[in-house]
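Since the structure comes first, as structure tokens, the remarks are kept for the end.
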Amino acid sequence: MKIVVGLGNPGERYAKTRHNVGWMAADRLADRAGWAGRGRERDASRIVQGRFRSLDLTLVKPLTFMNESGLAVRKVLAREHAPLVDLLVVADDFALPFGKLRFREGGGAGGHNGLGSIIDELQTEKFSRLRVGIGDPQRNAVDHVLSTFAPDERQRLDELLDAAADAIEAWAHDGTNKAANRFNSFQLRPADTELPAAPGEVDGPPGPDGVRRTKTGWRRIRPAKDDKDEKA
């Protein structure tokens, strides 16, 4: 049995934030397996189990907040009598550009509270993790991880989650090293600069009141002046 833990925060408030990309990846794999809406709550987690493409999988979304993720992971491992080699933790990483994937077999938390909690609870760093890049915060890291994705990121988020689900399957089939060789060089396509943002989003079209949202605030779009008649 392979155990995949997607890290995130519970509650609608956090559902679409960057910090919940681990949950999103677990959900994408559950959708792919036809398990959406199934599962149950136990061991401080939302858990679904089954067999998919010759794999016995347990998908885990801790229902603790991020900084107590280790409690849920320890309980699941104890119930399943699973060795650490069968555990993969999927987490966001703002040290990676948006859309990058990075497998590691161990290492520190890198400032990630969820990974730090798991390391503390398990008393070891020797478990595999898949880090999903959410981009450089530039200023405040907490505000960044708890923010939603930008319009140019949202237009590619589905592709990123599909790639993360592919990477999880590869790990379950072939182990961390082979999965890393395949997915650590993954490149997400560039954003389509021709695709406009939705109304009300940054750089989207103006609303009925003529106001549009920009990176520096809301701006009223003035109508263009009529061209002067040309003289004969």
Long pairs among Lys61/Lys126; Lys2/Lys61; Lys16/Lys126; Lys75/Lys178; Lys75/Lys126, criterion Cα-Cα beyond 24 Å
Lys16/Lys126; Lys75/Lys178
Please give the calculated 222 nm ellipticity per residue for the chain, where each DSSP H segment of at least 4 residues contributes -39500 (n - 2.57) and the sum is spread over every residue; nearest 500 deg cm²/dmol?
-9500 deg cm²/dmol
Please work out how much length the chain gains when fully extended from Gln138 to Phe186, using 0.36 nm per residue of separation minus the C-alpha to C-alpha distance, in nm with one decimal.
15.0 nm
Helix 21-33 axis, angle to the chain major axis (alpha carbon atoms, nearest 10°):
70 degrees
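Please give the net charge around Val5, taking every other residue with its beta carbon less than 10 angstrom from that of Val5, where Lys and Arg add +1 and Asp and Glu add -1.
+2
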A chain fully extended from His81 to Leu122 at 0.36 nm per residue, minus the present Cα-Cα distance, gains in nm 13.4 nm
Mind checking the angle between helix 113-122 and the chain's longest principal axis? C-alpha axes, 0 to 90 degrees, to the nearest 10.
0 degrees
With labels modelled as points extended 7 Å from the Cα through the Cβ direction, what inter-label distance (nm, one decimal) is found for Arg13 paired with Thr148?
1.6 nm
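Figure the gain on full extension for Gln49 and Gln155 (residue separation times 0.36 nm, minus the Cα-Cα span) and round it to one decimal in nm. Please list the in-between numbers first.
Working: separation 106, 0.36 × 106 = 38.16 nm, distance 3.03 nm.
Stretched fully, the Gln49-Gln155 segment lengthens by 35.1 nm.
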Return one number: the angle in degrees, 0 to 90 and rounded to the nearest 10, between the long axis of the Cα atoms of helix 69-80 and the longest principal axis of the Cα atoms of the chain.
40 degrees
Mind sorting out which of (1) 1.21; (2) 0.96; (3) 1.04 is the real Cα Rg over 2.2 N^0.38 Å computed from the coordinates?
(1)
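Read the figures in this text as sums done on the coordinates, not as results from a lab. Note that the structure is a prediction, hence the values are computed from the model and not measured. As a convention, Cβ positions derive from the backbone with ideal geometry for all residues, glycine included, and neighbour counts pool all protein chains shown.
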